Every structure is written in C-alpha cells, then in structure tokens.
1. Name, by its number, the condition in (1) small (Gly, Ala, Ser); (2) at negative phi; (3) in contact (Cβ under 8 Å) with a residue 12 or more places away in the chain that does not hold for Gly551.
2. For segment 226-269, name all the residues that are basic (Lys, Arg) and at pLDDT below 90.
3. Filter segment 422-437 for residues that are in a helix (DSSP H, G or I), farther than 28 Å from Gly284 by Cα and in contact with a helix residue (DSSP H, G or I) (Cβ under 7 Å, 6 or more places away or on another chain) and give the result.
4. Out of all the residues in segment 491-498, is one or more polar (S, T, N, Q) and without any contact (Cβ under 8 Å) to a residue 60 or more places away in the chain?
5. Taking Arg504 as the residue in question, decide whether it is at pLDDT 90 or above, over 24 Å from Pro615 (Cβ atoms) and either open to solvent by less than 30 Å² (accessible area, probe 1.4 Å) or part of a helix (DSSP H, G or I) (or both).
6. Are any residues in segment 244-260 surrounded by 14 or more Cβ atoms within 10 Å (Cβ to Cβ), in a helix (DSSP H, G or I) and in contact with a helix residue (DSSP H, G or I) (Cβ under 9 Å, 6 or more places away or on another chain), and if so, which ones?
7. Which of the residues spanning segment 507-518 are open to solvent by 70 Å² or more (accessible area, probe 1.4 Å) and free of Cβ contacts under 8 Å to residues at least 40 places away in the same chain?
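The values are calculated or read from the model by the stated rules, or taken from the named source; none is laboratory data. Bear in mind the structure is a predicted one, so any value in this text is a computation, not a measurement. Using ideal geometry, Cβ is built from the backbone for each residue, glycine included, and neighbour counts are taken over all protein chains shown. Each accessible area value is taken on the protein alone, full model and side chains, heavy atoms only, with ligands, DNA and RNA left out. Shrake-Rupley method; radii C 1.70, N 1.55, O 1.52, S 1.80 Å.
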Amino acid sequence: MRLRDLYGPVAASTFAGFAGAGLVDVLITAARSETPVPLPALLVMAIGLYGAAGLLTAMALGVLSAAVLNASPGGFRSIRDDPGRDRTVAGAILATTIGVLVLAAAAAAGQRLLVGKMASQLLATIAAAGIVALSAPLAAAVTLGLLRGARAIAGAVLPRPRALGATGLLLVVLLAAGVLAAVFALSRADWRVLDLGPLMALALAALLGLAHGIFWYVSRPGKNLAQRIPGAVIAVAAAALAVAAMMAGARIPEASPLYPAITTGSTGLRFGVLLARALTDRDGDGFSARFGGGDCDDADATVYPGAEDVPGDGVDQNCEGGDAPAVAGVNDVGDPRQPTAADAGGADKQPPIKAVAPAAGAFAGNLLVITIDALRADRLGVSGYTRPPGRSLTPALDALAKRGAYFRRVWSQAPNTPRSFPAILTSRYPSDIAWDKPGVNYPIVLPSNRTFFEGLAAVGLRPIGIFSHFYFTPDRGLNKAFVEWSNDGAGTIAESNKDVAAPRIVPRVIERLKKAAARKERFVVWTHLFEPHSSYVAHKEFPTTLSGVPGLMEKYDYEVAFVDRWVGKLLDAVKALGLADNTAVVVMADHGEAWGEHKAYFHGQDLFDEQLRVPLIISVPGKPPRVIDEDV
C-alpha cells in the first residue's frame, strides 16, 4: 500500500475504534446499573453517539492524513533521506510550533483578563472566538518571519538520526513535550472535578482502532478477508446506521430509565449525551428538547425544567405538565396577595417579612455564624478524633462545643457547596429551591426564595457577610437581605482550591466586629472559612510526613487544625471586644469529605455519611451546655 492511500484505512479504523468503544461502553453501563436497563435503547444511543463521533473524527483524520501525505508525495522516507528537504520541513515545524505558542499565549491572556470575568456564556464564547481570530494573524506573521531562521537552526542544531532524520526527531520531541505538558496540567488541576470517563473512552477507541488497522491492513488473514468484502458498501451502511441511530436516540423520552443508567454507569456515553443536548438546544436556555433534555418548548428561553412557573398565565414554564393554578389571595411563596407575572423574577415585588414579637426569654443579642468548608463531623476532638494520638486537632471548637449545644448527629442536604449552602439558607431541600438553571454546577438562587437572613433582618439584626472565595460572588443570589457583603480577594475556582484564605478573612471579620461593638449595633455576621477544602495546603505550623492517600489525609487533618486556630482567634476577639455576653456563635460545615469508605474520595459523589455528616455547634450566652443526639 502506498502512503498516499493510507487515509482511507485511517478513516475506517478510526470509525471502527469508536464503534467498538461504544459497544464496550454498553456492556460497562449495563453491568454498573443497579436497576434494569433498556438494552435496545442503550444500544441505539451508543451506536448513534459513538457512531457520529467516529464519523466526524474519521473524516477529520482522513482529510488531515490525505493533506499531509499528499504534501509529501515521496512519503516520510523522501524527507528523511534528503538533508535539504529535511532541514526545510523541520524548520517549518519549528516555526509553526512557535506561532502556535504565540496564539495560545494570546488566548490564555484573553481568557484571564477578559473572557473569564464575563457572566454571559454567549458573550464569553464570542469574545474567545474574537481573541483567537485577532491573534491568528500575529501568529501567522511570527511563523512566516521565523521560517528562514528556524531552517538554519534546524540545520545547525538538530541532529539527523538515520532512522528519523531531523524532522522525525523534532516530532518525537514535540510529542514528548506535549505529554509532559498534559501531565503537568493534570497535576495542577483539582482532579476531583475531572470526569476521566470520556478520556478512557477515547483511549479505548484509539486502542481498538489501532487493532482494527493492524488486522485488516497489516496481517495476512485480514488483508485476504478485506479483498473479498465490499469496503465501500460496509462504509455506507455503517454511516447510515449511525445516522439512523442518532435520530432514533434523540427521540428517547426523558422519563426513560436509560438516562440515569448512562449518567451513573457509562464512561464516554454520558459526555456524548451532554454534548448532544448542548448542540440541540435551540433557544440557548441550557436545556434541549432532544436526548432526554426535558425542554418542553425549545423555542422559548424562559421555558425549561426548573424555571419558576407563573401561576395562572397559561404557560408551563417549568415543564412539569401544565400551568400552576392561580389561587386567590396566596402566591407561590405564601404571600397573602394575588400572584402576578412579576413574581417569576423579583424579590422586590414581594412584601417584606413582618417583624414578630420575640417569645418570652428569647435571646435578644447578636449572632456570629462561622461555616467551614468540607469539615467532617468526626474530625472534632469532642468526637474522639486525635492526630497525633492523644492530641485534638480542634481545641478551639472543642471548647466552644463544651460550653454550648453540641449536635452529634447532623447531616447536610447535599455533598457539595453549591447545593448545600442554598439549602441551609432557604431551609429547603435542593430539589425544592427555585434555581435559574438547576442542571448546571453552580446555579443561581432566584430572588423568590426566602432566606433565614431575611427573618433575622426583620427583627432588627444587621446582616453582614464577609468572605473571600469564588462561590460567594453577589451574582449567586446568596446575599439577599444582606446590607453588607464583602468578597474581597477572591480568586478563580482553581485559585480558591489552593488558597490559604483564613489569615485574610478573619482579621477583616474582627475589624468589622470592632466597629459593631463601638456602634452598639445588633448584627448577624456570617463568614466562611475555606480550609480544609482540597487541594490541601501544607502549613509550617503542622509539618507532614506521609505520602500517597495517607499523606492527603494527613494534610486534610492539619488543614482542620489550621482553620481551628483561626476560629480560635475569632472567638478570642469576640471575648476581647466585650461581645461574648451578648453574641451567640454558630459553627457548622456545608458538607464532609470522603476517604475511600465507599470507594469515593473528596466530596460531591454520593450521599454516605462521610460526605454528608457535619459538625454543628450553637453557643448561646446564658444557656447551659448540652450534647444533643437527635438526628438533625
């Protein structure tokens, strides 16, 4: 076979690899599912999505290989054996690589300075495309300007091994550099949030495609068999089957048990479903009417699953099977008035919460709420945990628990921050909260939700929020009723995951408490300390000695010890400022952290105790200490 004829086999083996990976994914999904899976529907979906991916990838690789091979009629051997041509091609590759790096640097700078700060996904996409388009001429100019110098460098610096030539050697070096760059990028990422299933599926497709190519185009039995089989007919039939399966899969209803099985058990199929929904979302509201996306009107961006339904307007905004009936005198949040269209969007349209007379003997002081991220209930010293043996990680929290109400059996409503905090604030399950788009990772809490800070404000406490974390931006919708909301110094998700924030936050909280004490304000201050959330940071006060998973657990524990010190500084300040006798203190966590108890690590994966059970301490001046064992 001539090199220039390779693009047909490359395309065929690529498609075959994806088809094989799809069949393997069907078996994996069926084996992992705890409930019966509709195998015909699963097979149709796999053939459609994997087949479409295989067709597109096969066409792209076929065209690319044809372009590369036709650009060099003599093949790689002609480049390797001709020193002048070898230097020219190597120089062109070197200059192009530098041009690509210039383009990548420009795109990264644009992402950092402009795109990453945009709230609108549409505008961010347009801006990203514009940055690349504007940077492309610069990259091309750099490439052209470096061609002559790169050719000279290739001739003077790059050795010419007999088997590879300068061009082959340069390609091997660039491939190795790419692999090392990928490894470095993954090592810097919070791999807990990475879905490696699609990468596994892609690797399997590449492996099966390679095996297909070796059998059909290298081995003697395969070549003999290929001569007797009409390849063109098979190619057309396979493409037609993939397209037909894609069309049929798009019509599988949302209620089918197929989708939960794909979400929880598949490798690449769940990514394929998400991508197919995104590509078929006609109105851009984040939901599709195809592939089980659930959008009951894909021409109206205000209609999607989870949208707030306006009772009595004749439109099923939340796709729950009909418009909510209007009830005279009561709207959907219990306000004593007739609902209007304005109720769908604004807290400003709601009447304020009426102040209530405090009960006899009720606490009438201030409130300090300290939340700690990813803190397991069993890491407190009062729960019996020590590291090293005999030494509590949390002496400050232990002391608070011993003089307040220590709740031993408390569970969060969700195993991750963007679902648990809205549940805490609204006293609703995550499934009952009004979100803008409930299916995204960080949905916005809509203004129609009531929060307990509104009730506190109604009885005269001044709500003050002091944070420094990517999640606590005002646009999340958590700051309703707050008269002060500070999130200074917050970074991106990646930056927050490696941040040491407590030394930055606690002094600001103490400074604000000083002002409150001087002004004799009634306040409720809420602050959130991010330690011990991953990625865990080592602290000089707590040197670590272990490695691997035990080393991660050790770092986590000492992050708990570190944050306890800063909680202690905050509680000491409350006492020093003369606020201890009239300020109640609440300490709790938003979720826990798993260490392999149920084959999961970190959090956000399941609903077992290690990810949901959290500490809760409420210390009220004048109230005796208690240990409470009831479920909370």
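1. (3)
2. Arg228, the sole residue that qualifies.
3. Across segment 422-437, the qualifying residue is only Leu425.
4. yes
5. No.
6. Passing the criteria: Ala244, Ala245, Met246, Ala248, Gly249, Leu258, Tyr259.
7. Correct list: Glu511, Lys515, Ala518.
Residue by residue, here is whether (1) under 30 Å from Leu147 (Cα atoms); (2) small (Gly, Ala, Ser); (3) modelled with pLDDT of 85 or more holds:
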{"site": "Gly84", "(1), (2), (3)": "yes, yes, yes"}
{"site": "Arg87", "(1), (2), (3)": "yes, no, yes"}
{"site": "Ala90", "(1), (2), (3)": "yes, yes, yes"}
{"site": "Leu94", "(1), (2), (3)": "yes, no, yes"}
{"site": "Gly99", "(1), (2), (3)": "yes, yes, yes"}
{"site": "Val102", "(1), (2), (3)": "yes, no, yes"}
{"site": "Ala105", "(1), (2), (3)": "yes, yes, yes"}
{"site": "Ala108", "(1), (2), (3)": "yes, yes, yes"}
{"site": "Leu123", "(1), (2), (3)": "no, no, no"}
